[in-house]
Amino acid sequence: MEWYWLPEYLPKFAEGLWLTIQLLVLAITFGMAMAIPIGLVQVTGPRPLAWLAKGFCISIRGTPLLIQLWLIYYGVGSLFPSIPGIRESMLWPLLRDAFPYAVVAFSLSVAGYEGEVLRGAFRGVPKGELEAARAIGMSPLKVLFRVWLPRALQNVFPTIAGEFILTLKATPLAATITVFEVYGIGTIVRQETYRIYEPLLFVAAIYLCLTGVLVLFFRYLESRMPRRMAGAG
């Protein structure tokens, strides 16, 4: 094996790593912001919104992320240039870049999977705890954010953490729409140096390290969560 190319491409790998982290953090943030109401409305209703949320989860979970990514980038993204005046607007630098479309696709994927997980989590919280919170005069929002949501997250935290790790390992798909994260940089290295295995091994090592960091982080949060929940009550 030959690694002569590594010093030259390390700065590019650093940029790709930063892009990977941004994509993951933004997808988790926006995805969870959508997943919570998607999961909640399937339990509380109203029924039409519950059906829409259920249909969304089925669609996202039933189709490949790669297809979703391409539909958003090559499908929706191709419509914007035809809108009069869009190229001269402030939005055009954002709309012509592939990264925002990747964020949207990955966020919707997180929302679909975690929304279904949270549906079961919300339903699994004992009704007695919710009734006790209402009995002491908590408003519906306080019941949700101080009792229902924390207990639901506590019950399924390992599952959610596992889904986040799967999201990390799916980020190489972004390279198919010219978002050159870690895997995308590895592809460039292979094309320019004609080295096959070394760049792939290096990329695999980076993802292994990222996964290890995430696992340790989520284990730390999980160990702290029971005390937080006790304090929140």
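Every number in this text was worked out from the coordinates using simple rules, so none of it is lab data. Note that this is a predicted model, so its numbers are computed, not measured. Because the Cβ atoms are built from the backbone with ideal geometry, glycine has one as well, and the counts that use them run over all protein chains shown.
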Calculated from DSSP helices alone, with each H run of at least 4 adding -39500 (n - 2.57) and the total divided by the residues of the chain, [θ]222 nm to the nearest 500 comes to -25500 deg cm²/dmol
Of GLY115, GLY31, GLY128, the most mobile residue in a GNM of the chain (C-alpha springs, cutoff 10 Å) is GLY128
Net charge near GLU181, counting Lys/Arg +1 and Asp/Glu -1 over other residues with Cβ under 13 Å of its Cβ?
-> +1
Among LYS127, LYS12, which comes first, then next, by fewest other beta-carbon atoms within 10 Å?
-> LYS127, LYS12
Which of ILE206, GLN42, PHE218 sits closest to the plus end of the dipole of the chain, meaning its Cα is farthest towards the positive end, when Lys and Arg get +1 and Asp and Glu get -1 on the C-beta?
-> GLN42
What residue among PRO84, TYR197, PHE13 has its Cα farthest toward the positive end of the dipole of the chain, where the charges are +1 on Lys, Arg and -1 on Asp, Glu, each on the Cβ?
-> PRO84
About its Cα centre, how strong a charge dipole does the chain have in debye, to the nearest 20, once Lys and Arg get +1 and Asp and Glu get -1 at the Cβ?
-> 1100
Among LEU144, GLY124, THR159, whose Cα lies farthest out toward the positive end of the dipole of region 121-163, if unit charges sit on the beta carbon of Lys, Arg (+1) and Asp, Glu (-1)?
-> LEU144
What residue among GLN191, GLN22, GLN68 shows peak mean-square fluctuation when the chain is described by a Gaussian network model with Cα springs under 10 Å?
-> GLN191
What's the center-to-center distance, using Cα atoms, between region 126-162 and region 65-121 in Å?
-> 32
Sorted largest first, the C-alpha extents of the chain along its principal axes in whole angstrom are 68, 49, 32
In a Gaussian network model over the chain where Cα atoms closer than 10 Å are linked, find which of VAL179, VAL117, VAL125 has the largest mean-square fluctuation.
-> VAL125
Report the local net charge at PHE80: Lys and Arg +1, Asp and Glu -1, summed over other residues whose C-beta lies under 12 Å from its C-beta.
-> +1
Euclidean distance of C-alpha centroids, region 211-225 and region 1-37, integer Å | 19
Kyte-Doolittle mean at least 1.0 and Cα extent at least 18 Å along the axis: which DSSP H helices of the chain qualify?
-> 6-44
Among the lysines, which fall within straight-line cross-link reach of LYS169, defined as a Cα-Cα distance under 26 Å, with same-chain neighbours fewer than 8 residues apart omitted?
-> LYS12, LYS54
